[in-house]
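The values are calculated or read from the model by the stated rules, or taken from the named source; none is laboratory data. Note that the structure is predicted; figures quoted are calculated from it, not measured. Glycine also receives a Cβ, built like all others from the backbone with ideal geometry; neighbour counts cover every protein chain displayed.
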Amino acid sequence: VKPMTPRCTVPKAVPVGKTASLHCHENEGFPKSTYSWYRNSEPLSPDAKSNAKFHNSSYTLNPATGTLVFHAVHKGDTGRYSCIATNDAGFAKCEEQEMEV
């Protein structure tokens, strides 16, 4: 069963240095969906340190739960975030949401 449009929760504004948690979830898809996050339409690497573009970001991304946690946000983390839920039957994307740091 193709995933439904996931429900995304993105904080509107986060003070520099604070933790920010972004959530993405849908429960219609079967088999269970995996989740990927995008900032300004660029895919966020599951491992921030392995991608030069995100080496300044300190975040953890859990593809199984759809949770993206920034441990200490900085100005560069500002942007439009969206999430895609994917399984064998297809994928669905939530609306982009702005997070300001």
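Of the residues making up the range 6-24, those that are without any contact (Cβ under 8 Å) to a residue 60 or more places away in the chain and in contact with a strand residue (DSSP E or B) (Cβ under 9 Å, 6 or more places away or on another chain) number 5. Filtering the range 71-101 to residues that are at pLDDT below 95 and not acidic (Asp, Glu) leaves 71, 72, 73, 74, 75, 76. Within the range 78-101, residues that are of a type in the set (Lys, Arg) have Cβ atoms under 9 Å from residues that are loosely packed, with under 15 Cβ neighbours inside 10 Å in these pairs: 80/40; 80/41; 80/98; 93/5, counting only partners at least 6 apart in sequence or on another chain.
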